[in-house]
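See below for the structure under consideration.
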Amino acid sequence: MNTIPSSSSGARLEFSNIRKSFSDTVSVEADRLIIEPGSLTVLLGRSGCGKTTLLNLAAGLDFPDQGNVSYDNQVLQGPAPSTALIFQTHNLFPWMTAEENVAFPLRNQGMVRVEALEHAKQYLKQVGLESFAGHKPSQLSGGMRQRITLARTIATKPRLLLLDEPFSALDMQTRRMMQRYLLRVWSDSAATILMITHDLHEALMLADRIALMASSPNGHIAEILDIELDRPRNPENQSFRVIQQQLDRFLEHETLLAEHAPILEATDQTNHL
Amino acid sequence: MKPHVSEKSGHQLTLTGRVSQLLFKSNFLWFCLAWLLIILSWELGSWLEWLNPQILPPPSETIPYAFSGNITIGFGQQKTGLFESTTITLGRVGAGMLIGLLVSSCLAIMVIELPILRRLILPLVQSLAPIAPVAWIPFTIVVIGIGGPAAVFIVFMAVLGTMTLSLIAALDSIPDEYLKIAHNLGTSRIRMWWYIRLPAIIPSTMTAIRMSFFGAWMAVLAGEMAGLNSGLGYMIIMAQQMYNMKLVMVGILAIGFIGFAIDRLLLLINARLLQWVQ
Ligand SMILES: Nc1ncnc2c1ncn2[C@@H]1O[C@H](COP(=O)(O)OP(=O)(O)O)[C@@H](O)[C@H]1O
Ligand SMILES: [Mg+2]
């Protein structure tokens, strides 16, 4: 029935000597970042430091000016194969019901409508939303929409999941629940996950590795940390808190660097006037 | 307590319920009242001989005349009736708009699929759009003639520019995420147009259609008054030349009511479609 076995392994990603410029002043760099098959890597950094840019490169939706991104040791020259994208919003098509949304990629693969909808219901069941199959996204909460997005993602059996702040628009309780759903999808599918967040706590709850990004002078990966905390992660845990404090200091410092410099300049200018 | 109750009843109403409420409970009543006032003062004006009934026949003559069922004017080949004229004009507007929509859809698809064409097509439609629809009338009469095809062409030219521009603008403003995700989910080009872009642009396209309907409706009537040989506009001109002022009035009222009715119809379709795509 399904040609791709659900146990297919995760993809391997490698960024090498990447430079992507948007203007004379804005550019994003990544010298070397290897994302092992089946790992869960988090890109953490304040907004504007180039996280989305790197994710677009990984998806093969955009291309670097220098260097390259390879997927299973092949340089990406177009959209990355069996890769799923999840954004913060606009993941579901508002004119389709929940089940039509989940069935859509199956229909793209040529599955007949009735069968695709039948499958969709099964996937919705896995995120506990089978009774909302006929609802439009506008009738559902933000958390439910992201769960349906996860259901659709499972349906496509991806080898690589790219998530751009997928839970940032959700309240804290819903976000925690979504993190657990994501971890379950990850352990069920063995897919490689690259996820963006600016939420330190979220990063520590999920990541095998955290790539810390800084934004000055250019957006770049400042540090790569292996997070060797036991799973399931417990924020009350002493070692969790220690790492959290370290990273918090880094982000604080980074924010000071990035935000105070321009303000000082601006003050200078007003003094001259 | 009170706000809660009213909010609840608002939620429970269906779309048609809400529309009929809007139409009948408030707006429709005021609509009738306003017209009743006009008609009454008109009648009074004629009765007091402030208005010349030869030029402005009173409603007590015009209204029965409008509903007498067999309004015709002219002789022989030129003979035409209210119903026939209206049908002809509506047919012209419908055909012209349909062709306009088809051609502008093709142009918009080409612009999106082949970015080079954007540079060629956009300047053309941008210079077409600001031309007042009536400006095409003299040109058309000389080049195409005074029959039905000329009228359809005027409507077509009236809507082509604005319709194409609105379609392209609507396509350009589809959230990037939808396209990225659809692409990512392995959507073919055709499915992309049919299942993603089309539903995404329906609300703004419906608005564009409503807007261009007004332009088309006016252009075709002006064309019929300026020389085309049939239709509602032609009937009014003929009535004026034969000094049938009752028919002139009836024609004007018909233009107003039909325009209004079609606009409401488009609004209703719009509401339905909006409910579907949201
Ligand atoms: N398409 C683009 N055109 C111009 N500048 C861009 C574009 N995409 C991103 N940038 C700039 O690159 C920097 C990094 O952006 P982004 O990768 O979106 O950051 P993040 O996702 O970390 O918030 C920002 O300064 C942003 O303004
Ligand atoms: Mg971003």
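The values are calculated or read from the model by the stated rules, or taken from the named source; none is laboratory data. Because the structure is predicted, anything quoted here is derived from the model rather than measured. Ideal geometry is used to build each Cβ from the backbone, glycine not excepted, and the neighbour counts take in all protein chains shown. SASA here: full protein model, heavy atoms, side chains in, ligands and nucleic acids out. Shrake-Rupley method; radii C 1.70, N 1.55, O 1.52, S 1.80 Å.
Which percent, nearest 5, of DSSP beta bridges in the protein assembly as shown are antiparallel?
55 percent
Rounded to the nearest Å, what's the spacing between the alpha carbon centres of the range A:81-138 and the range B:169-183? Just the number, please.
Comparing the Cα centres of the range A:81-138 and the range B:169-183, I get a distance of 18 Å.
Can you compute the radius of gyration and Dmax for the range A:91-156, using only the Cα atoms, both in Å?
10.3, 30
Grab the other residues whose beta carbon is less than 14 angstrom from that of B:PRO64, score K and R as +1, D and E as -1, and report the net.
Its environment carries a net charge of -1.
Sequence neighbours fewer than 8 away in the same chain don't count; with that in mind, list the aspartates and glutamates whose C-alpha is under 13 Å from B:LYS246.
By straight Cα distance, B:LYS246 reaches B:GLU61.
Averaged over its residues, how many other protein chain Cβ atoms are within 10 Å of peptide A:89-102's Cβ atoms?
The shielding value for this peptide is 3.
Accessible area per residue, 1.4 Å probe, Å², for chain A: what's the number?
Averaged over the residues of chain A, the accessible area is 48 Å².
What list of ³J(HN,Hα) couplings, whole Hz, do you get for the range A:207-215 from phi and the Karplus terms 6.51, -1.76, 1.60, once you set θ to phi - 60° and write x for glycine and proline?
For the range A:207-215, the Karplus curve yields 7, 6, 9, 10, 9, 7, 10, 10, 10 Hz.
Sort B:28-39, A:152-163 by packing, meaning the average of other beta carbons within 10 Å per residue, with the highest value first.
A:152-163, B:28-39
Other chains' Cβ within 10 Å of B:152-164 residues: what's the mean?
Taking all residues of B:152-164 together, the mean is 0.
Sorted by mean Cβ packing within 10 Å, highest first, what order do the peptides A:109-121, B:260-272 take?
A:109-121, B:260-272
In this model, which of A:LYS20/A:LYS136; A:LYS51/A:LYS157; A:LYS51/A:LYS136; A:LYS51/A:LYS125 are farther than 29 Å apart at the alpha-carbon?
Over 29 Å Cα-Cα: A:LYS20/A:LYS136; A:LYS51/A:LYS136; A:LYS51/A:LYS125.
In the range B:242-278, which residues give up 30 Å² or more of accessible area once the other protein chains are added, compared with their chain alone (1.4 Å probe)?
Buried by the other chains: B:TRP276, B:VAL277, B:GLN278.
Taking a ≥ b ≥ c as the square roots of the eigenvalues of the Cα gyration tensor of chain B, is the shape rounded (a/c under 1.5), prolate (a/b larger than b/c) or oblate?
Taking the square roots of the gyration eigenvalues as a ≥ b ≥ c, chain B is oblate.
Check A:THR97: other-chain or 5+ apart residues with amide H under 5 Å from its amide H, H built from backbone geometry?
Amide H to amide H, under 5 Å and 5 or more residues apart or across chains, A:THR97 pairs with nothing.
If you take each beta carbon of peptide A:243-251 and count the beta carbons of other chains within 10 angstrom, what is the mean?
0
Does the protein assembly as shown classify as rounded, prolate or oblate by the C-alpha gyration tensor (a ≥ b ≥ c root eigenvalues; a/c under 1.5 gives rounded; else a/b over b/c gives prolate, otherwise oblate)?
Taking the square roots of the gyration eigenvalues as a ≥ b ≥ c, the protein assembly as shown is prolate.
Taking the Cβ of B:GLN275 as the centre, find all other residues whose Cβ is under 13 Å away and add up their charges (Lys, Arg: +1; Asp, Glu: -1).
+3
Which FRET efficiency, nearest 0.05, do B:GLU61 and B:ILE269 yield, Cβ-Cβ r, R0 35 Å?
0.40
Divide by every residue of chain B the summed helix terms, -39500 (n - 2.57) for each DSSP H run of at least 4, and state the resulting mean residue ellipticity at 222 nm, rounded to the nearest 500 deg cm²/dmol.
Result for chain B: -24500 deg cm²/dmol, rounded to the nearest 500.
Report the local net charge at A:ASN237: Lys and Arg +1, Asp and Glu -1, summed over other residues whose C-beta lies under 13 Å from its C-beta.
Within the 13 Å Cβ shell, the charges total 0.
Could you tell me what percent of the accessible area of chain A is made up of carbon and sulfur, with a 1.4 Å probe and every protein chain present?
Of the solvent-accessible surface of chain A, carbon and sulfur hold 50 percent.
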